[in-house]
Amino acid sequence: SNCPPGSPPTNPPQTGRVLFISRSGNIYIEQLLAALPGLQPFRAPIDQPLPADPFDLYIYDGVISGTLPSKELLLFNMPPNDLYSVRGVFTPTITSTITLADDPVLQYVDFSNVHLRQMQDVETPAWARPLITVDGHPLLIAGTLGGRRVAAFALDLRESDLPLQVAYPILMSNLIGWLTPSTVIVGE
């Protein structure tokens, strides 16, 4: 391992426990979680309190129930919540420009063939920065809030062909790797 001198030895990588919260499930997210090595996915019903034992990552798909846990979060198509503002819907056109920030999370990610039917019109909060934008509207924001890492897609995956593109597993693997640095997703 490449620890700086004098730093404590790192623990061996553990399995990342991921809790997926959705109203009716999402095959795109669930198949991906099942396929990524080093993850142990669980699913929680939306109408019950979250399990008491902590998870390394909480993934919410289009739902919110009570307060979001102050742990690492990956959010998709969220209703209005206390982390960022959702102003409504934005409908990209065929001429819309998708811009990717220069960020390690987007390494090897090619969005040139991705098509979006519609997305949320989200305001980037002070704690985050936009990683992917469509005509200046943030599609993916990420940042650190209260000591935890949070990433949010202003998108229902079913409103795009992103899950059918090679960019999808690469982006999700990079993103989950950033969100759960204590667990190893892909071999370095």
Exercise for the section: Might you check whether a residue that is touching a Leu at 6+ places or on another chain (Cβ under 7 Å), open to solvent by less than 50 Å² (accessible area, probe 1.4 Å) and either within 20 Å of Leu155 (Cβ to Cβ) or not in a loop (DSSP other than H, G, I, E, B) (or both) occurs anywhere in the stretch 45-55? Expected result: no
Completion exercise
Taking the stretch 56-69 and keeping residues of a type outside the set (Val, Ile, Thr) and open to solvent by 50 Å² or more (accessible area, probe 1.4 Å) leaves Gly66
Problem - Residues of the stretch 101-111 satisfying the condition of being open to solvent by 40 Å² or more (accessible area, probe 1.4 Å) and touching a residue at least 12 places away in the same chain (Cβ under 8 Å) - result: Pro104, Gln107, Tyr108, Asp110
Problem - Top-ranked residue of the stretch 21-36 - restricted to ones that are part of a loop (DSSP other than H, G, I, E, B) and surrounded by 12 or more Cβ atoms within 10 Å (Cβ to Cβ), ranked as farthest from the chain's Cα centre (by Cα) - result: Arg23
Completion exercise
Of the residues in the stretch 70-100, those that are part of a loop (DSSP other than H, G, I, E, B) and open to solvent by less than 50 Å² (accessible area, probe 1.4 Å) come to Glu72, Asn77, Met78, Pro79, Asn81, Leu83, Tyr84, Pro92, Ser96
Exercise for the section: Give just the number: which of (1) more than 14 Å from Ile176 (Cβ to Cβ); (2) outside any loop (DSSP other than H, G, I, E, B); (3) polar (S, T, N, Q) does Thr67 not satisfy? Expected result: (2)
Practice task
Say whether the condition of being modelled with pLDDT under 90 and in contact with a strand residue (DSSP E or B) (Cβ under 8 Å, 6 or more places away or on another chain) is met by at least one residue in the stretch 17-35.
Solution key: no
Problem - Top-ranked residue of the stretch 136-186 - restricted to ones that are basic (Lys, Arg) and open to solvent by 40 Å² or more (accessible area, probe 1.4 Å), ranked as nearest to Pro69 (Cα to Cα) - result: Arg149
Fill in the blank from the handout: When restricted to Leu175, Leu140, Leu155, the only residue under 12 Å from the mean Cα position of the chain (by Cα) and assigned to a loop (DSSP other than H, G, I, E, B) is Leu155
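The values are calculated or read from the model by the stated rules, or taken from the named source; none is laboratory data. Here the structure is a predicted model, which means the values were calculated and not measured. Backbone-built Cβ (ideal geometry, glycine too); neighbour counts: all protein chains shown. Just the protein is used for accessible areas: all its heavy atoms, side chains included, with ligands, DNA and RNA removed. Shrake-Rupley method; radii C 1.70, N 1.55, O 1.52, S 1.80 Å.
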